[in-house]
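First up is the structure itself, then whatever we jot down about it.
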Amino acid sequence: MFVVPESEIAGLVSPAQCFEAVEAVFSAMARDEAYNFPVIREAIGHADALYGFKSGFDRAGKVLGLKSGGYWPGNVEKGLTNHQSTVVLFDPDTGRPAALVGGNLLTALRTAAASAVSIRHLARCDSRVLGLLGAGHQSAFQMRAAVAERPFEKVIGWNYHPEMLPRLAETAVELGLPFEAVSLEDLGAQADVIVTISSSVAAQLLDAHVRPGTHLACMGTDTRGKQEIDAAIFARARVFTDEVAQSVEIGEAQHAVAAGLIGAGDIVQIGAVINGTVPGRQSEDDITLFDGTGVGLQDLAVAARAVAAARAKGVAVEVDL
Ligand code: NAD
């Protein structure tokens, strides 16, 4: 098997390659050629850690495996990343382990790629103002991926902890765009595309804040109990997701479904839009909402690209297991 260390990942896959990989696997999921296995996520009763597995099989791309890891809140004090991820790939023809891949940077890249896919397929073409709700680790990756999809002229942002906003300002500078910290009212009033990427547990962006024509990529809610936006927004939006079962269970849609505002049948897999079997945005006034819950197949797709690149560059370490 091949080992691809975390330290090599940045030099192996670009955001554009991650976009291609994630778009392709979303497409395969909608053709029923790729599927995710049930997610395992456990509070292990040690170090306050949440630990689990996301896994699946992409028959179209011949990628089988799992991402293992979770959240260790005490890691920061040890100089380590709180979120820890490792991907293991297996040969789908024999079941033999094929690769062990550092998954921390890949997680950020594949999550940003998912919202970028939603922007490419659902946002208005004349979108000029990008809004961010959230200013944590993932937010910079989200901003970088989003600006590749539309000719944005300005980035605006709001965060629950305002002291974290400099991260958004610095990332906008890096991208050559002006940045403005705004209120939630102004976020909704000005932004054509809003990416939410926080660990909020109550609605921050309210129904009254969101105007017709907006595209929302809700990326922060990946667990039961988290919530970033008012469930009422779902009632007037066209709703898309990576995977309907996850969206209903652990995604932002969990609250709208529980409140009876929408049902699972109202949520469209974005792969169907990519494949052209279901229309995406149908009018300039549609509110389109992508509930990006994060599926294992995204991780496997980008990890497989990283392994191929590492082998081509000669930086994959071969181990006889
Ligand atoms: P982080 O810890 O670096 O940042 C946390 C963010 O949430 C900050 O913006 C912080 O101000 C905000 N926040 C914290 N507590 C809050 C509260 N009570 N109310 C409102 N906002 C609050 O986290 P990160 O790595 O940037 O991840 C952000 C979110 O994205 C997390 O919920 C994480 O689980 C989720 N995530 C989702 C996916 C996916 O595929 N959908 C992938 C990775 C991370």
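The values are calculated or read from the model by the stated rules, or taken from the named source; none is laboratory data. Just so it is clear, the structure is predicted and the values come from calculations on it, not from any experiment. Note that each Cβ is placed from the backbone with ideal geometry, even for glycine, and that neighbours are counted across all protein chains shown. In case anyone asks, the SASA skips ligands and DNA or RNA and just uses the protein heavy atoms, side chains included. Shrake-Rupley method; radii C 1.70, N 1.55, O 1.52, S 1.80 Å.
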query = Just from its helices, what would the mean residue ellipticity at 222 nm be for the chain, if runs of 4 or more DSSP H residues each count -39500 (n - 2.57) and the sum is divided by every residue, rounded to the nearest 500 deg cm²/dmol?
reply = -9500 deg cm²/dmol
key: Relative packing of peptides 19-26, 306-313 - highest average C-beta neighbours within 10 Å first   = 19-26, 306-313
request  = May I ask for the angle, rounded to the nearest 10°, between helix 104-122 and the longest principal axis of the chain, with both axes built from Cα atoms and the value confined to 0 to 90°?
outcome  = 40 degrees
query = Which of the lysines could a cross-linker bridge to Lys67, judged by Cα under 30 Å and excluding same-chain residues fewer than eight apart?
reply = Lys54, Lys78, Lys226, Lys313
note = For 83-91, 187-195, ranked highest to lowest by mean beta-carbon neighbours within 10 Å, the order is 187-195, 83-91
note = The simple spin-label model distance between Val76 and His137, using points 7 Å out along Cα→Cβ, in nm, is 1.1 nm
note = A chain fully extended from Glu284 to Ala16 at 0.36 nm per residue, minus the present Cα-Cα distance, gains in nm 93.8 nm
remark   = Order by accessible surface, 1.4 Å probe, largest leading, for residues Ile40, Ile156 comes to Ile40, Ile156
note = Rounded to the nearest 10 degrees, the helix 296-313 long axis (Cα) sits at an angle to the longest Cα principal axis of the chain of 50 degrees
query = Leu261: net charge of surrounding residues, Cβ under 14 Å, Lys/Arg +1, Asp/Glu -1, itself excluded?
reply = -3
query = Can you give the Rg and Dmax of region 124-294 based on its C-alpha atoms, in angstrom?
reply = 14.9, 44
key: Label-point separation in nm, Glu170 to Val3, each point 7 Å along Cα→Cβ   = 3.2 nm
request  = Apply 1/(1 + (r/R0)^6) to the Cβ-Cβ distance of Ala264 and Phe37, taking R0 = 22 Å, and write down the FRET efficiency to the nearest 0.05.
outcome  = 0.70
The chain: Rg to Rh, with Rh as the Kirkwood radius over Cα pairs = 0.95
task = Please list His137, His209, His161 in order of solvent-accessible area, largest first, computed with a 1.4 Å probe with all protein chains present.
result = His137, His161, His209
message = Test of understanding: what is the full-extension gain from Thr94 to Leu50, defined as 0.36 nm times their sequence separation minus their Cα-Cα distance?
response = 12.7 nm
request  = First select every other residue whose beta carbon is under 13 angstrom from the beta carbon of Thr277; then total the charges, Lys and Arg +1, Asp and Glu -1.
outcome  = 0
task = Take peptides 96-102, 46-52, 149-155 and line them up by average Cβ neighbours within 10 Å, highest first, as a rough protection proxy.
result = 96-102, 149-155, 46-52
